[in-house]
Amino acid sequence: MTKILAFAELKDGEIRNVSFETVAAARQIDESAEVVAVVLGSQNVEDAANQMIQYGADRAVTVTHDLLANYTSDGYTQAAMAVIEQEDPDGLVMGHTSAGKDLSPRIASKLDNGLVSDITGIEGDQFVRPIYSGKAFEKKTIKDGKTFVTIRPNNIAPLEQDGGRSGDITSLEVDIKDLRTIIKEVVRKASDGVDLSEANIIVAGGRGVKSEEGFEPLYELADVLGAAVGASRGACDAGYCDYSLQIGQTGKVVTPDLYIACGISGAIQHLAGMSNSKVIVAINKDPEANIFNVADYGIVGDLFDVVPKLTEELKALQVK
Amino acid sequence: MNIYVLMKKTFDTEEKIQINGGVIEDEGAEYIINPYDEYAIEEAIKIRDEHGGEVTVVTVGDEESEKQLRTALAMGADKAVLINTEEDLEEGDQYTTVRVLEAYFADQEVDIILAGNVAIDEASGQVGPRLADRLDIPYVTTITELNIDGDTVNIVRDVEGDEEKIETSLPLLVTCQQGLNEPRYPSLPGIMKAKKKPLEELEIDDLDLDEDDVEAKTETVKVFLPPEKEAGKVLEGETDEQVKELVSLLKSEAKVL
C-alpha cells in the first residue's frame with residue numbers, strides 16, 4: 001500500500017484550512033493510500049492531529065517542540081526530515097503557503113526529489129498548475145522518486161469532517177537545534193485573520209479608490225462578508241495601501257469564490273492574478289474598463305456610492 | 001564582499017500567452033528581467049556600494065539571455081555569467097537548474113546570493129531554497145529589508161502580509177519580495193559601460209556536468225490555456241436597484257453568499 005504524508009500547518013496554534021486540503025489531495029493522488037497527517041508545532045498539536053484524522057487522515061505523527069512555535073526553515077526541516085525518515089512515504093503534500101513555499105524545496109533537495117509546486121488540480125499522476133500567473137496552465141508529472149506536491153489553498157476541496165473518525169496519533173521526539181535564522185519579532189500587519197491567499201471572498205481596490213482613506217468603505221464591505229482586502233498594483237504604487245495587498249502578476253495570485261473589484265481598470269497584469277476567481281463582480285465608473293470583460297456581474301458607477309450601499313444591503317440580509 | 005544574483009529572463013508582463021504545437025509560443029515575444037530578480041539586482045548593488053566588493057549576476061539560460069545580463073550590468077552589476085544550456089539540455093526543471101548552479105558555485109567564494117522570490121513564468125520558487133540547501137548555507141525567503149553588519153544580517157521578511165524580523169549571518173541566500181527597494185533604470189553612461197563589462201559564457205561541460213547529471217525530475221506533459229471568460233451581465237437601473245439585483249444574483253444564481 002502506498003503511504004502519503006499530508007502536512008498540517010498551524011498559525012498561532014490554530015490549524016489552517018489548507019491542512020485539510022492536503023489530506024483531500026493525498027486521497028485524490030491515491031484513493032487507497034494510507035494518509036498520514038504530519039503536525040509540527042509547539043502547542044495544540046494533538047488537537048490538530050485529531051482534526052486531520054476527522055478530515056480523512058488515517059493516522060497522525062506529531063512533533064512538539066518550543067522551537068517550532070514559529071516557522072523557521074532549519075527547525076521545520078529537522079522536524080519534517082525526522083518524520084520522513086521514520087515513515088519513508090511514497091508521497092508528500094504540503095500547502096503552497098508562505099511556510100510551505102519555504103520548506104518544500106529544501107525537503108525536495110534533501111530527498112534529491114522532484115517537486116511540483118502550487119498545484120490547483122490532480123488528474124491521476126498529472127498535476128495541474130497555473131503558469132504565467134494563470135494566463136496558462138500546465139500538467140506535470142514526477143518522473144521518479146516520491147510524489148511531492150504543494151497545493152494552492154482554496155482549490156482542492158477538503159473532505160467532509162467526520163467527528164466520529166479516529167486514528168492513531170504518535171509523537172516523535174526530535175532534537176531541534178542549531179537554528180541559523182532567529183526570529184526576533186513577528187509584527188502582525190495582515191487584516192484580522194483573513195489571509196488573501198486563503199480567503200473565500202476578496203474585496204479589491206484600484207486607483208479608483210483614490211486615497212488610503214478611500215479603502216475604508218472596502219474594509220467595511222469586507223467586514224460584512226468575512227472577506228480579505230486586496231489591491232491592484234496601481235493602488236499600491238500610488239501609496240494607498242501596502243504592497244502585501246497586491247494582487248496580480250507581481251503580487252499574489254488568488255482564486256476566491258467571489259472577487260469584488262472596486263475602481264480597478266483591469267490591466268492584463270492584474271487580470272492574471274485574479275481572473276480564475278469563480279465569480280467576479282466589477283464596480284467601475286468607466287463602462288469601457290477592461291475589468292468588465294472578465295466580470296460575471298458589473299455595476300457601472302462610482303464605488304463610493306455603490307460600495308456603501310452594497311454593505312448596507314448585505315447587512316440587512318444578515319439581519320433577516 | 002562577494003555578492004551574487006541569480007537572474008532569469010521572463011516574458012514581458014504585457015505578453016499574451018499563445019500555444020503553438022503544444023508549447024508556449026515564444027516567437028517574437030518580448031523578454032524582461034524577472035521583476036523579482038530586479039529587486040535582487042538593485043539590493044546587490046546597494047550592498048556593494050555600502051560594503052564594497054563585487055556584484056556578479058548569474059543566469060542559466062540561452063544565447064538570448066545576454067540582453068538581460070547586459071541590462072543588469074547597465075544597472076550597475078560588475079560581472080555577468082551566462083551558463084548556456086540551450087544546446088545540451090532539452091527539458092530542465094528546478095532540479096536541473098540547481099545542479100548547474102551548484103556546480104558553478106562550487107568554485108566561488110560566496111558571501112551573499114540574492115534571487116527573486118519567484119519567477120513570474122514558471123512560478124515554482126524552488127531554485128533559491130534548493131540551492132541554499134545544496135550549498136549548505138541558510139536562506140531567508142520573501143525579504144523586504146536587509147541590513148548587513150559584519151557577519152550579522154538583520155532581515156525583515158513578508159509572511160503573508162505580516163512582518164518577521166530575523167537575525168542570521170553570512171554566508172546567506174535571500175529571495176527578494178516587492179517592497180524591498182525601487183529598482184533603478186539603467187542610465188545612458190551605465191549602458192555604455194555595460195558593453196565593456198565582463199560577461200563570461202559557460203556550458204555545462206565547463207562545469208564538469210553532462211546531461212545525465214542534471215536530468216529533470218519532473219516532466220511537463222501538457223500546456224493549455226484557461227477557457228475564455230465571457231463578459232457577464234452589466235446591471236441596469238438606479239444604484240439602489242443595481243445593488244439589490246447584485247445581491248440577489250450572488251445569492252441565487254452564483255450561489256456564493
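Of the residues making up the stretch B:19-41, those that are touching a residue at least 60 places away in the same chain (Cβ under 8 Å) and on the phi < 0 side of the Ramachandran plot are B:Ile19, B:Val23, B:Ile24, B:Asn34, B:Pro35, B:Tyr36, B:Asp37, B:Glu38, B:Tyr39, B:Ala40, B:Ile41.
If you go through the stretch A:5-19 one residue at a time, do you hit one that is out of contact with any strand residue (DSSP E or B) (no Cβ under 6 Å at 6 or more places or on another chain), of a type in the set (Lys, Arg) and assigned to a loop (DSSP other than H, G, I, E, B)?
In the first step, residues of the stretch A:5-19 are kept if they are out of contact with any strand residue (DSSP E or B) (no Cβ under 6 Å at 6 or more places or on another chain); the result is A:11-17, A:19.
Narrowing the set further to residues that are of a type in the set (Lys, Arg) leaves A:11, A:16.
In the following step, the residues that additionally are assigned to a loop (DSSP other than H, G, I, E, B) were identified as A:16.
The answer is yes; a qualifying residue exists.
The set of residues from the stretch B:217-257 being more than 7 Å from chain A (Cβ to nearest Cβ), more than 19 Å from A:Pro130 (Cα to Cα) and part of a loop (DSSP other than H, G, I, E, B) comprises B:Glu230, B:Glu236, B:Gly237, B:Glu238, B:Glu253, B:Lys255, B:Leu257. Whenever a residue of the stretch A:175-188 is more than 7 Å from chain B (Cβ to nearest Cβ), it has no partner that is assigned to a strand (DSSP E or B) lying with C-beta atoms less than 6 angstrom away and at least six residues away or across chains.
Checking the condition farther than 30 Å from A:Tyr259 by Cβ and touching a Gly at 6+ places or on another chain (Cβ under 9 Å), which residue from B:Pro171, B:Pro226, B:Pro186 passes?
Details: B:Pro171 fails: touching a Gly at 6+ places or on another chain (Cβ under 9 Å); B:Pro226 fails: farther than 30 Å from A:Tyr259 by Cβ.
Answer to the check: B:Pro186.
If you check A:Lys177 against the conditions, is it under 21 Å from A:Asn17 (Cα atoms) and surrounded by fewer than 19 Cβ atoms within 10 Å (Cβ to Cβ)? No: the conditions fail for A:Lys177.
The numbered conditions (1) at pLDDT 95 or above; (2) within 30 Å of B:Asp121 (Cα to Cα) are all true for B:Leu246 except (2). Within the set A:Leu67, A:Leu103, A:Leu159, the sole residue that is outside any helix (DSSP H, G or I), touching a helix residue (DSSP H, G or I) at 6+ places or on another chain (Cβ under 9 Å) and touching a residue at least 12 places away in the same chain (Cβ under 8 Å) turns out to be A:Leu159. Scanning the stretch A:259-279 for residues being within 15 Å of the chain's Cα centre (by Cα) and facing chain B (nearest Cβ under 7 Å) gives a total of 1.
Can you list the strands (runs of 3 or more DSSP E) lying wholly within the stretch B:141-208 that have 2 or more residues being within 10 Å of chain A (Cβ to nearest Cβ) and closer than 30 Å to A:Leu103 by Cβ?
Those strands (runs of 3 or more DSSP E) span B:152-159, B:162-169, B:172-176.
So, of the residues in the stretch A:287-304 that are in a helix (DSSP H, G or I) and at the interface with another protein chain (Cβ under 7 Å from one of its Cβ atoms), which turns out to be modelled with the lowest pLDDT? First the steps, then the outcome.
Narrowing the stretch A:287-304 to residues in a helix (DSSP H, G or I): A:290-293, A:303-304.
Checking the rest, the ones that are also at the interface with another protein chain (Cβ under 7 Å from one of its Cβ atoms) come to A:292-293.
Details: A:Phe292: 95, A:Asn293: 92.
Among those that are in a helix (DSSP H, G or I) and at the interface with another protein chain (Cβ under 7 Å from one of its Cβ atoms), it is A:Asn293.
Among the residues of the stretch B:31-63, the ones that are of a type in the set (D, E, K, R) and either at pLDDT below 95 or touching a strand residue (DSSP E or B) at 6+ places or on another chain (Cβ under 7 Å) (or both) come to 6 in all. The number of residues in the stretch B:168-209 being surrounded by fewer than 13 Cβ atoms within 10 Å (Cβ to Cβ) and either touching a Phe, Trp or Tyr at 6+ places or on another chain (Cβ under 9 Å) or under 23 Å from B:Val140 (Cβ atoms) (or both) comes to 1. Per the listing A:Ser232, A:Ser197, the residue uniquely of a type in the set (S, T, N, Q), closer than 23 Å to A:Ile268 by Cα and out of contact with any helix residue (DSSP H, G or I) (no Cβ under 6 Å at 6 or more places or on another chain) is A:Ser197. Taken together, the residues in the stretch B:121-134 that are out of contact with any helix residue (DSSP H, G or I) (no Cβ under 6 Å at 6 or more places or on another chain) and either more than 8 Å from chain A (Cβ to nearest Cβ) or not small (Gly, Ala, Ser) (or both) amount to 1. If only residues of the stretch B:11-42 that are among the polar types (S, T, N, Q) and over 19 Å from B:Ser65 (Cβ atoms) are counted, the one that is farthest from the other protein chains (Cβ to nearest Cβ) is B:Asn20.
Taken over the stretch A:272-283, the criterion of being out of contact with any Ser or Thr (no Cβ under 7 Å at 6 or more places or on another chain) and buried (at least 24 other Cβ atoms within 10 Å of the Cβ) is satisfied by A:Met274, A:Ile280, A:Val281, A:Ala282, A:Ile283. Yes or no: the stretch A:219-237 includes at least one residue that is touching a Gly at 6+ places or on another chain (Cβ under 9 Å) and of a type in the set (Phe, Trp, Tyr). Scanning the stretch A:219-237 turns up no residue that is touching a Gly at 6+ places or on another chain (Cβ under 9 Å) and of a type in the set (Phe, Trp, Tyr). All conditions in (1) more than 20 Å from the chain's Cα centre (by Cα); (2) within 13 Å of another protein chain (Cβ to nearest Cβ); (3) among the aliphatic types (A, V, I, L, M) hold for A:Ala79, with the sole exception of (2).
Taking the stretch A:136-156 as the range and being farther than 20 Å from A:Val83 by Cβ and outside any strand (DSSP E or B) as the test, the residues that pass are A:Lys143, A:Asp144, A:Arg152, A:Pro153, A:Asn154, A:Asn155, A:Ile156.
Taken over the stretch B:169-188, the residue count meeting the criterion of being in contact with a strand residue (DSSP E or B) (Cβ under 7 Å, 6 or more places away or on another chain) and free of Cβ contacts under 8 Å to residues at least 40 places away in the same chain is 2. Restricting attention to the stretch A:103-144 and to residues that are of a type in the set (S, T, N, Q) and facing chain B (nearest Cβ under 7 Å), the residue that is nearest to A:Ala33 (Cα to Cα) turns out to be A:Gln126. Which of the residues that make up the stretch A:306-320 are farther than 13 Å from A:Phe215 by Cα and in a helix (DSSP H, G or I)? Hits for the stretch A:306-320 are A:Val306, A:Lys309, A:Leu310, A:Thr311, A:Glu312, A:Glu313, A:Leu314, A:Lys315, A:Ala316, A:Leu317, A:Gln318, A:Val319.
Taking each residue of the stretch B:80-109 that is within 14 Å of chain A (Cβ to nearest Cβ) and farther than 18 Å from B:Val57 by Cβ and looking for partners that are buried (at least 19 other Cβ atoms within 10 Å of the Cβ) and β-branched (Val, Ile, Thr) with beta-carbon atoms closer than 6 Å, six or more apart or interchain, yields B:Asp93/B:Thr218; B:Gln94/B:Val127; B:Thr96/B:Val214; B:Arg99/B:Val214.
The values are calculated or read from the model by the stated rules, or taken from the named source; none is laboratory data. All of these numbers come straight from a predicted model, not from anything done at the bench. Here the Cβ is made from the backbone with ideal geometry for all residues, glycine too, and neighbour counts use every protein chain on show.
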